[in-house]
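Visitor: Handing you a structure now.
Just so it is clear, none of the values below were taken in a lab; they were calculated from the coordinates. The structure displayed is predicted, hence computed values, not measured ones. No Cβ is skipped: glycine too gets one built from the backbone with ideal geometry, and neighbour counts run over all protein chains shown.
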DNA sequence: TATTGTTATACTCTATAACTATA
DNA sequence: TATAGTTATAGAGTATAACAATA
């Protein structure tokens, strides 16, 4: 059943509801691996080298306190390691462990499967269109603050 | 600042995060009128005549308990009225009051302003494209249950 | 003083289960 | 028994403020 009938859907609310559904499905997929969608995102961000928590905050658009709460279980389970930066002892460099890299691969397959299902109604070209439009939305013309 | 860099955004998570941001902006806009986005949606659904709560559940894709919680303040503030259906006394017919109709107009302008800002990065044609793609996502090809 | 990371608390939206009343 | 509506509780994701350690 559809979330909204066409005539009663404002574009903004439609986007909000579809986004909520997307997060719900991502969560269901990653639950099998003991991950939250945002934790999977962190593993992906660490794939090509360690980052400070500050860098994770910035790239994810999240408050530092959120990143701490996401990292703690990942570190406890051995998927991620935290080391103090010798050059600036305030910084904690977060890195992917071998176990974390393995988990990233397995959970990545689950995520791709979910996204295939999520966008099943669109063909390849339409998916590319949608992706391009969403990326445009994500980069506001200018920060006129 | 953008929520995600291009290379690190899965389409599904991108949709989820943009949807969250859309809901956040809608909430901010409707707060000025004492409404939640879902309550504004209810007012819109009642614009062309009364509905039972059951019909509201179905059209909004929400659990009945949610609709109750959304309606109670609306009724208390006089924007909506509930009357028992004489034909089936289990049914409560929900209708828009004159005050509710006035609120719908005012809040509708706020919502349009938010959506204009939300989709500011897109031209008219791109907005139509996006809307069509989102509507397609919202109507899964078939419920192969 | 400013920055990195941490802790604690609270808010929004939604889901589920159990209940009442009507049919 | 089944349906319309209600109540209460819980969960996920995020935001904010206050704090300790380091620069």
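Visitor: Top mean-square fluctuation among B:24, B:131, B:54, Gaussian network model of chain B, C-alpha springs under 10 Å?
Guide: Looking only at B:24, B:131, B:54, the largest GNM fluctuation is found for B:131.
Visitor: Would you calculate the separation in nanometres between label points at residue A:112 and residue B:24, each defined as 7 Å from the Cα along the Cα-to-beta-carbon direction?
Guide: The two pseudo-label positions are separated by 3.1 nm.
Visitor: Please build a GNM for chain B, connecting alpha carbons under 10 Å apart, and tell me which residue among B:49, B:108, B:12 fluctuates the most.
Guide: Sorting by GNM fluctuation, first place goes to B:12.
Visitor: For residue B:95, place a label point 7 Å from Cα along the Cα-to-Cβ direction in every copy; what are the distances to the other copies, in nm, shortest first?
Guide: For residue B:95, the other copies' label points sit at 7.1 nm, shortest first.
Visitor: For the rotation taking chain B to chain A, which residue of B has the Cβ nearest the axis, and how many Å away is it?
Guide: Here the nearest residue and distance are B:19, 1.
Visitor: While we're here: Evaluate peptide A:91-104: per residue, the Cβ atoms of other protein chains within 10 Å of its Cβ; return the mean as an integer.
Guide: Averaged over the peptide's residues, the number is 0.
Visitor: Follow-up question, since we're still on this one. Using only Cα atoms, tell me the angle between helix A:64-76 and the longest principal axis of chain A; keep it within 0 to 90° and round to the nearest 10.
Guide: So the helix axis and the longest Cα principal axis differ by about 70 degrees.
Visitor: Another question about this same structure. Could you tell me, in Å, what Rg and Dmax come out for the Cα atoms of region A:36-118?
Guide: Rg, Dmax (Cα atoms, Å): 13.0, 46.
Visitor: For chain A, what does the helix formula give at 222 nm: sum of -39500 (n - 2.57) over DSSP H segments with n ≥ 4, over the residue count, nearest 500 deg cm²/dmol?
Guide: Helix contribution divided over all residues of chain A: -19500 deg cm²/dmol.
Visitor: Which angle from 0 to 90°, rounded to the nearest 10, does the C-alpha axis of helix A:11-31 make with the longest principal axis of chain A?
Guide: Roughly 50 degrees between the two axes.
Visitor: Any idea what Rg and Dmax come out to for chain B if you just take the C-alpha atoms, in Å?
Guide: Spelled out, the Cα radius of gyration and Dmax of chain B are 17.9, 59 Å.
Visitor: Please compute the contact order of chain A in relative form: average sequence separation of alpha-carbon pairs under 8 Å and at least six residues apart, divided by the residue count, as a percent.
Guide: So the answer I get is 22 percent.
Visitor: Taking R0 as 45 Å, what's the FRET efficiency between residue A:90 and residue B:125 from their Cβ-Cβ distance, rounded to 0.05?
Guide: 0.40
Visitor: Additional query: At each listed q (0.08, 0.15, 0.17 Å⁻¹), what is the log10 of I(q)/I(0) that the Debye formula gives for the protein assembly as shown modelled as equal alpha-carbon point scatterers?
Guide: -0.43, -1.17, -1.34
Visitor: Taking a label point 7 Å from Cα toward Cβ, how far is residue B:81 from its twins in the other copies, in nm, shortest first?
Guide: For residue B:81, the inter-copy label distances come out at 7.1 nm.
Visitor: Quote the relative contact order of region A:36-118 in percent (integer), defining contacts as alpha-carbon pairs under 8 Å separated by 6+ residues.
Guide: 32
Visitor: Between copies, how close do the residue B:128 label points come, placed 7 Å along Cα→Cβ, listed in nm from shortest?
Guide: Here the equivalent label points are 2.2 nm apart from this one.
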